[in-house]
Structures are given as C-alpha cells and as structure tokens.
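Read the structure below first, then the notes.
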Amino acid sequence: MPTNCAVYGCNSLFKRGGEIRFHAFPNDKKLKRKWVNLCKRKDFINTATARICSRHFEPTAYVRNLKYELLGVPPPKSQIKLKEGALPTLRLPSSQDISEFSSSIIRTMAEIIDLSDDDVVIEEIPKRKTSSGVKRPFRCLNSDCRTEKDLIRAEEYIRRYFGVLSYPKKKRVCYNCMGEAKSQQDSLVETLRARRLLLAEKLPPPRTTVVLTDSDSDPSDSGTLSEESEYEYECDDGKSLEETIIELTRELGLDRQITEGTKHLEERLLAVQEGFDKLHTEEYSKIEADLDNVRKDFYNNFRPEIMWQPALDIGPSSTILQQDGTGEVIAEPSVYFPTENLPPVGPLHRWELQPDELVFSMKYSLFARWVQAQVIEVEKREVKNTTYKIRYNRNAKGSGLPRVMPGRQLAYINPCATRIPVGTRVIAKYRDEDPKNTTISGSFYVGVVAEIPTAANKYRYLIFFDDGYAQYVLHFDIRVVTESSACPWEDVSSDSREFIKEYLQMYPERPMVRLQKWNYVKTEWNGRWWKAQVKEVDGSLVKMFFPLDGRSEWIYRGSTRLSPLFNKKLNIQAQSEQPLRTIRRRTAAIPGRAVVEYGTFGQGQDPDAAVPGKFVQPPGVETTGERRSVARKSTSSRPGTPPKEVQIRVEQESKGFTNKHSFLERILKFISHVCAAKCLGAQGDSMDKHKGLSPLLYPLLFSWHRQIVKQRRKTTSKNEVYYVGPCGRRLRSVEEVFRYLRETESRLEIDCFTYELSIDVSHEWEPFKQILNIEDLSKGEENVPISCVNSLDDTPPQQLTYCNVRLPTEHVPLNLDPEFLVCCDCTDDCLDKSKCSCWQLTIQGTRILERHENDSAGYHYRRLFEQVQSGIYECNSRCKCSSHCLNRVVQHPLRLKLQLFKTARRGWGVRTLHDIPRGGFICVYVGRMLNEAIANEEGKINGGDDYYAELDYIENEVDNPKEDHDFNQPSHMRKVGVAKREKSARLQERKEDGSGSGSAAASDEDNNKKNKKKENGKSQKKRAEKEDKKDDNMNKKEEEKEEEKKSNEAAEEEKRDGSESSDGLDDQSDEGEDEADEKQRRPQTFVPSQLLASANVVRPNQSVRDYFGKDEAVYIMDAKHTGNIGRFLNHSCEPNVFVQNVFVDTHDLRFPWVAFFAISNIRAGTELTWDYNYEVDSVPGKVKYCYCGARKCRGRLL
C-alpha cells in the first residue's frame, strides 16, 4: 500500500480512517496514460500500487448518492466512486513548481514529516502585498467565529446549518464549528430514525447570513449552474430516483412527520391565541402606558421647543394631484381651517319680531335679492302665519310707504346663535365669481340649508337657492327666516320644490356623481345637452366648463342636469312601470362610465352634529311612494363602522399563508440546433397527469425554467422575465414561446406562461384555520376541484346543483345548431387576425362604439387586457383550427384553483389560491336561463332574485352604444356639423337673453308676460333651428366675427350706462338701487323638467330585440339553485374582475356567454369580485347597502 500521493509535489499521506481518500489508477490504458501524464513525475510510477488523493479531483467528478444527500449526512468511503473518465484537475504541479521542488526536496520532506496526520489542513497563506493592497486571508464561514486557522472544506449540510448555502465563496470552516453542525445533524438523523416528531424537539433558531459586497450582482449569481448539470444519479441495487425517494419516505416515516407536524403546529397556534386572549387588557394597557411615560421622560430633555404659528391655508381643494396605481388622477383636498369659530350645537330658536326691529325682507319676488327693512307693528298673530307691517329703509321710490309682509318673507338681521339644521329656510349671501357683477354678488337670496358644516365641506353650509343656484356659505353670511312651514319645501318656488322635497326626505344619504378634474360629462343647460369639462370639485359641488362659449357654472353633483344621474333616473322610471320587477345584475361591459355613488358624504357622522344635521319629518305628513318610505327607514338604521366583533371576523376570514413549490433546477447548456419535438424529451408534456395544479406551474413540471434577469443598459437597469425551454433555448417574449410550442408540437397551452414580473408562479395560498373543509364543491363536474373552507363557523354553503353549462328552460329559444355559425379555416391557430373569419366578426363589431374598426380588439395570446364592449366571437366547433387556437378561451373548462370561503358580512365569496396574471380568464357565469315573465314570478315567490343576471347585451351595446361611454373623451371628437349647429343655437340663445334680461316678475301678471316671452322665445328658437339646418354650411369665421361684434357693442353699452349713472343725482341713484333690488338672476333648475317630461316618449329607433318578436324581452340567468362557482363572486365598487360578453356556441345576440377576466395582477389569497351594476331604487321596497370596503365605495347596491 502506498504511503503518499502519486502526484508530483503532493504531500498527502495515507492514514487509515483519515478524511482524505486515495483512488487507484483506472484499468483503461488510454485513461491510465492520461493520469500518469498529469502526475508530472520524472521517475517511474507503478500504476498497480500507486494512488492519487481526493484533493486533486473536483466534486463533480464523483457519482452522487441521493440516499445520503436526502439524509443530510456524508456517505461512507465505500460508497464514494469516481465517474467513468474522471481526471485529476486540481492542485497539479506546473514546470516551475517541479524545478523549485527538485532543488529543495530534502527540506520539503522534512516539513512533510513534521505535519499532522490530517492532510486536509489548509496551510495559512502568508499575507502578500500586491499593487491593489493586502490580500485578505480565508476565515471560517460562521459569522460568529471568523477564525483564520485550521480551516477545512465544509460539507453542504454545514453550510446550510450556518445559512451560507447561497454564497459559493464561503466554503471553509474550523473544527469547532464543524463539530457543532455535525452534532446537530446527528441529533436530527437520530430523531428521524427513532420515529420521533421533529417539530416537537428543541431546534436551534435558523441562521441567516447576509454578505455585503460592493458588486450589484447577487452572490448567488456567481455560482456555476453548468456544474450541477454534469452530476449523475446512481442508487444501490439499480433503483430509479423516484423509487429511492419513495423508499426513504417510507423508511423514515416522512408522511407521519407531515401530518403530525401540521397538527402540532395547529395546537401550538391555538395555545398562543388562547394565551393572548387570556392576557389582562387593563394590565397590558397600564404597562404600555408606563413605558410611554418612561420614554417621554427620557426624551424630554432633548425635545426642541415648538413655537405655534397661525394656521395657513394652502389653497382650495383639488389643487394637489397624485397618480395612483390604476392610472387615475385623484384630487387631494387641501388642509383647511375655518376662518371663524362655529356657534355651539343647540336647538334652533325663532322669536316673534318686535316693533322697530330691523329685519331683511323680500321686496319683489323670491328670485330677487332681499333688502333691509324695519318692523312697524304686528299686524296679525297666527301660528306660523304671523303678518307684520314694515317699512323699507332706503329712500327710493315707495320706500316710505308701509307694507304688510308675512313672517315667511322676513329674516332676522343677525346671524343665528346656534348651528342651523338641514332643511331650515334661510337667506344667504351669494358670491359671484364675476367681479363686475356687483349687483348680485354679496346680496342676500332665499334658499334652504342642504348641508351642515363638517370637515368634508370645510365647515361651510351648502345652500340650495330657490332660483336653482347652489353654493357653499359661511355661517356669518346666513340669516334665518323668521317663520317656516311644517314642510320646508312648501315655501320653495315651484321650479325647485320637488327636488328639495326629494333631497330632504333622503338626507343624509343622497346620490351624487363621482367626478374628477378634467373629466368630460354631458351636462344640461337651457333645455339641451352639452359636453362640459370638470374644472374643479368642491365637496358636493362641481364647476363645469362649457367649451363652446367659455362659460363656467357651479352645479350640485346630485343634480339630474348631469347625464349619469339623469340616465339613472330615466331607468328607474322605466323600471317602476313593471309591477314585478326583480333584482338583476347587469352583465354588459360598460367601462369608462361615470359612477353614481350613494352615501352620507360626511353628513350625520359626527355625534355632536347629528342633531342639527338630521332632517325630521313633520308629523302627519305622508310620503309619496313606497320606495321612499323604505329608503328612509333603512337610512336611519344603516350601520356605519362595523362593531369590533365583526372587524375581528373580517380579519380572520383572510388570514392564511403561502406555500412555495420547489423544483430541481437542471439547466442544460444551450447548443445551437433547430427545435423539434425531440426537444421536449421522452416523457413529453401532457397536462392531463397534473390536474389540480396552477396552469402556470405546468411548464416547470416539464423541465422549463422561469428566470428573472436584470437587464443593464447605459443609464438604467430593469428586471425582465425569460423562459428557458427543455432544450436550453431562452425565450424572451410570449411570441417566441408560442412559436416554440408550435415548432415542438407541445401540448402546453400559451396561457400557461406569463411575463408579468409581479406574478410568482410557484405560490399557493392556504388559510390558517379551517373549521369546515369540503374538498370539491363541484363533485367532479369541473376539471379542477373547488375547495370550500369556513374559518368562522361550521355553517356549510346552501345546497347547489352544480353545473358548468347553461340550462335553457322551456320558453327560452336557444338555438345551438352549428350550421348557423360563422367559421374559419385557419391552420396557424388563428395567429393572423386578418385571415380569421371569427376574429373579423369581433373586429367589425367595434364600429358600434369607435366608428372605425379596432384591429387589436380581442384576445392577445389568450389574455384580455380590456373589455370589448361590442362582444367577442370565439372560434367554434365548425372551425378547422385546433384546441390551441388563440381565439378559444372561454370555451375551455375551469383551470384555476379557486376556493369558496365564508365572509363575515357578505355571505360566501371566492378567492384564488395562486397568482392570476392581468387579463387571465377566470370562469363563466352559468345557471338556468329564464324569460323575463317567469323570472319576475319566481323572484317574488321564491326570493331568489339575488342571483339573477341580465343578458342585456342588446340594450346596452347595440341599441345605446354611446350612452355614457364618452365620459373621458374630449369635446373635439364630435362631428363638425354638430358643433356648428350647436354654436348657431348658442348665438340665437344669446340674442334672446339680451332682449329679455332686464325685467323681473313681481306679480301674476308679470309672470304671465314672462311665460308668453318664453313661448315666443321657443318659437323663435325653432325657426332659428330650421334656418340653421338650411344654412349648415355657413363659414365658421363669419360666425366668430358676428359674435365678437355683438360682444363689443354690449361692452360699449355697459360703458355708456356706467357713465350716465355716475353723472346722475342722489335721487337717480336711489332709483338705480330700486331697480337693482327688482333685478333677479337668470333662474336655473336642479332638475331638467322639460327633459323629464319628454322622457316617456317612445324612441323613433326600433330596438334590435324587436326584430326577434313582438313580446321579446331581456333574458335572465338564474343561479340561485343551479349554477357554478361564478355565482359566488361578490360585488365590489373597485373590482379586480370584469365581465365580458362572448359568443361561442351561438351568434344570437340575445344569448351571449358571461365570462370573467382579471383586471389586474391578482395575488394568491385575494378575493375575486366584480361590479354587479345594480340600478339603485329600481326595485321598490328593497334596499341593499354595500360592504365591499373599497376606497371609492358607492355606498349602496339597491
């Protein structure tokens, strides 16, 4: 037996039981000659007895033993074998080393004799100064040790124990640290062999080592992955890899470790929760308060002196803009402090006026300004109908004559001493934005209090004036009217009476249109609809700008002069005519429409302000309509912030953890080749064997790899996702993946791949607590089992007949004959949209909304990134394309892992157990298909209308394609001819305004005259519109010149009037004041009454549904007792799922498929929600509040 290594200059000595292994020369002559040459010896080598030590072989030269690697222990020497053809490559001598070694061989041999028996010792390298500095010596990989002496190479389990496995450079360990890791490893192995539970043992805390380097790259990137690919797996008795794993699992009882370990962790978690609940809250709060006091005392000596400055107003609201993650601009309200303190909260006190008391009085009409007067005496005393004799204070014509006025037309001279409740009859100063209009601005006009001061409206009152204006007013600019009717709306002018009545009966809840700066929305003005732009939003008011004439106007956001609320009112009126109306979810895709939200908007939330803010219905007054009564009752009992118990349950329903699937990475070095079916390997990539997993996991199961690579450019760097195929080819886009799948004839689908950075394909979510657990809700009907979990109680879901197809009833004429379908003959999986007949149907349908074809409409490699409002036509059974076609998405069975779970406030919901990429298909909404008559009857009798979904594709997309769809579109997109007609009508209206703007109505005769003028104006307007139709080709420049000329003439007349009035005498100025008192603003309305009156007129255009039959109506999808997982998706005002109408087995516009797609990337464990699009107040007697918890919650569902 040799005593040392055969390599020239190696000093390794053989020792029985030592760490160094010695390998005999191979029998192959060619390989043996290579070994001899690598030894670099000048003397003769006896290959029969010579040996080479293990220090000259790389770790990849040995055959891996999987059994001992799984156990985490080094294999015995008898099991360590070299691969066939392995060569010594490490620590081989060079020619210079040989010459130096031969000159000092005697001294070297003496040094070798003095060494210890353990030849694995690495000699300390002396520090040598180089040009770059001093070279640092090696240190122990244990960050707590860091010794530099007696280091040896660390095994993998040692590096894992100290948490440095991901850092390839940390490979040396000292004897003490190696002994610590080895003892811990031996104890774990002994525990496994003794069949004891690992989690029940006292395990040391896990160690994590973070290495800080100057390089931007991850230390793990420096490892060579190619070395791992050269390992060979060899097991005893010729067993395969799977058989060895199964044998070890059975031998060590790993299945029992998993099951009992899960129970053990659950018991420990419950024990921790019980211990936390038993903790004395008062004692805990006391300890926490004491700690806070100690902390404050400690920092008191170092606390800087704070000097308080007066409050600073940083500007009006909506001046600070920010961009959120959805690409939406949000107006941030500024910090506001009231300029004067508000009076205390208290009951409103009205007293009887006394002689010689100063008051404000109405002089001419409700629309004119109120002036100061003095009470002479009380004329007649009656309850809420006292009359007074007054005299106006001005010296104008008729001012000295006494006049009898009722108390409802008089107001106190001083502000109210307490806060004014909603519904109080008041007069308030109106501030006009036009500085030239001094007659109107600063004068008192009569109105009603609509909002009390809160932080949301900057501590101001919202006043609805009788002439249709709305404005925020401070408390000291308001005077209370001395008397008021039991119902305040009875004192309001007839134009605004119904609106004020409806508003006060619904208060504090009211509908308002959600608007943001720069939005475009159709707004009514002077009996016509104009496209206006939002310039500013101030609380409940919005400043609308009309681009055609440059006019701006403040409008109440709850006024039906805004088209979204007006259209909603029309829908409610139309639906109220149906006596058996039921609740229905709307399935039509309507993106970009303005949202009508229901809520209190800061009113009635402050307990101190609740008394003055709430309007009290007077006794004996009956409300009109059942719907208002129900709404008012439910408003008073509507819950605000949920109680603490409900909050705890809401948090508990979403508690869980994420498991991460791990895979053995075996990346091959890429060799240039032409990809074909052989690139997939012998096993193939059939997905049928792995049902129940996330579709994004399928590629990783078939030797694919998903890499996140940092791309560095000149100035920036970003991460990108790459896929590496089984043959080693790197694919950088979804287009390349699709081409690769076609070339290799792979069975994988293109929607199994995603290039979204935020998506983790290996994550799978699992709830912490499972009181009730059902493995498969579908009972085998779906391709993937749907689990059901209740973490709150043991209540199971209601009985459901599960089905994944639509079930038409007797009176539903659903024709599924494929001969009536348009089909394609594509052979490229419909990659070329221009040649696919089915795809062209989708593209041609976009003309309905966009007036031109959108060539990019539809799926993008089976992802739908935005709604196609005109519908999607998928390939069908007659098409010649394969199942891998890019236009076949919704027709495939369920593939995602979804879970039904119990929520705290919204019944049962659905969440995803793995990440879903943006645009990914989720599921469909199916059930029994009913006609409208049967749906209304069953909904009222059985109460199952909560799961009704309207197939209203025709009504929303075909008949009304432009309704509210231009919410964010600029005004320049309208046709030029329409703009010209609108401008000519605007010029005619200005003529009418100039001719009749100086008179005011003070009696019935004057009102009659005014009505006659309006009628004449309407006839003139009709004649002008006829002339405009004839002269539609009038030059635009001539119109602008005419308008500019008239505006200049009006300005000159104003100058002349100003000079004449300035030269007049005092009596003439008094007469001017009197005329100013008589002058009134141009009345406006909160409700476009003339449009509501004409709303019931039948549209001249015939509906497409009428072509199917005389009695055709919307069909309903009922999923109450029969349906699929789609019926459980809850509502949200900010959903993460949208609805898409898809035509698959029929092209009948009445029967589209209802499909759900992801709006954005959805993380594992997130609940899936969509917008029900309920019509609020559409069902009399039914009110549903929304508990979605979204930041922009609309407040109500019904």
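Please work out the average accessible area per residue across region 441-566, using the 1.4 Å probe convention, and give it in Å².
Using a 1.4 Å probe on heavy atoms only, each residue of region 441-566 averages 25 Å².
If you count only protein heavy atoms and use a 1.4 Å probe, how large is the accessible surface of Lys149, to the nearest 10 Å²?
Accessible surface of Lys149 is approximately 140 Å².
Pulled fully out, how much extra length does the chain show between Lys389 and Lys669, if you take 0.36 nm times their separation in residues and subtract their Cα-Cα distance?
90.3 nm is the gain from fully extending Lys389 to Lys669.
Please list Trp518, Trp1170, Trp908 in order of solvent-accessible area, largest first, computed with a 1.4 Å probe with all protein chains present.
Order by accessible area, largest first: Trp518, Trp908, Trp1170.
Kirkwood hydrodynamic radius for region 857-903: how many Å is it when counted over pairs of different Cα atoms?
12.8
When DSSP assigns beta bridges and you keep just the ones with both residues in region 1110-1198, what percent turn out antiparallel, to the nearest 5?
Rounded to the nearest five, the antiparallel share is 80 percent.
Probe 1.4 Å, all protein chains in place: accessible area of Lys67 in Å², nearest 10?
70
Which whole-Hz ³J(HN,Hα) couplings does region 263-275 yield from phi under the Karplus relation 6.51 cos²θ - 1.76 cosθ + 1.60, θ = phi - 60°, glycine and proline marked x?
3J(HN,Hα) across region 263-275, in whole Hz: 4, 4, 5, 4, 5, 5, 5, 5, 5, 5, 5, 5, x.
Probe of 1.4 angstrom, ligands and nucleic acids ignored: what's the accessible area per residue over region 786-837, in square angstrom?
56
For the ranges 53-66, 761-774, what's the packing order if you count other beta-carbon atoms within 10 Å of each residue, average per peptide, and put the highest first?
Highest to lowest by the protection proxy: 53-66, 761-774.
How high is the FRET efficiency between Glu305 and His661 when r is their beta carbon distance and R₀ equals 56 Å, given to the nearest 0.05?
The computed FRET efficiency comes out at 0.45.
Take peptides 490-503, 800-813 and line them up by average Cβ neighbours within 10 Å, highest first, as a rough protection proxy.
Averaged packing, sorted descending, gives the order 490-503, 800-813.
Evaluate the charge dipole of region 722-762 about its Cα centre and quote only its size in Debye, nearest 20, assuming +1 on the Cβ of each Lys and Arg and -1 on the Cβ of each Asp and Glu.
The dipole of region 722-762 has a size of about 220 debye.
Could you give the length gained on full extension between Arg195 and Lys678, defined as 0.36 nm per residue of separation minus the Cα-Cα distance, in nm?
Full-extension gain reported as 169.4 nm.
Rank-order 822-832, 789-799, 946-956 by packing density, defined as the average count of other C-beta atoms within 10 Å over each peptide's residues, highest first.
In descending order of packing, they fall as 946-956, 822-832, 789-799.
Round to the nearest 0.05 the FRET efficiency obtained for Asn854 and Gln647 when R0 = 41 Å and r is the Cβ-Cβ distance.
After rounding to 0.05, the efficiency reads 0.35.
Using only the Cα atoms, work out Rg/Rh for region 736-841, with Rh taken as the Kirkwood radius, to two decimals.
1.09
Quick one: length gained pulling Leu203 to Leu816 fully straight, 0.36 nm per residue minus the C-alpha distance?
214.2 nm is the gain from fully extending Leu203 to Leu816.
I need the calculated FRET efficiency for the pair Ala271 and Glu69, taking r as the beta carbon distance and R₀ as 35 Å, to the nearest 0.05.
Calculated transfer efficiency: 0.45.
In whole Hz and in residue order, list the ³J(HN,Hα) couplings for region 349-364 that follow from phi through the Karplus curve 6.51 cos²θ - 1.76 cosθ + 1.60, θ = phi - 60°; x for Gly and Pro.
Here the 3J(HN,Hα) series is 10, 10, 10, 7, 5, 10, x, 6, 7, 7, 9, 9, 9, 6, 10, 10 Hz.
Can you put Leu248, Leu358 in order of accessible area, largest first, using a 1.4 Å probe?
Heavy-atom accessible area, descending, gives Leu358, Leu248.
Net charge near Leu701, counting Lys/Arg +1 and Asp/Glu -1 over other residues with Cβ under 10 Å of its Cβ?
My count for the surroundings of Leu701 gives 0.
For region 489-582, what does the alpha-carbon gyration tensor say about shape, rounded, prolate or oblate, given a ≥ b ≥ c as the root eigenvalues, a/c under 1.5 as rounded, and a/b over b/c as prolate?
Taking the square roots of the gyration eigenvalues as a ≥ b ≥ c, region 489-582 is prolate.
Just the accessible area for Phe360, please: 1.4 Å probe, Å², rounded to the nearest 10?
Counting only protein heavy atoms, the figure is 20 Å².
Could you put Glu756, Glu745, Glu850 in order of accessible surface area, largest first, with the 1.4 Å probe and the full protein assembly present?
The residues order as Glu745, Glu850, Glu756, largest area first.
The values are calculated or read from the model by the stated rules, or taken from the named source; none is laboratory data. Predicted, not measured: the structure shown is a model, and the values here were computed from it. Positions of Cβ are generated from backbone atoms using ideal geometry, with glycine treated the same way; all protein chains shown enter the neighbour counts. Remember, those area values only see protein heavy atoms, side chains included, never the ligands or the DNA or RNA. Shrake-Rupley method; radii C 1.70, N 1.55, O 1.52, S 1.80 Å.
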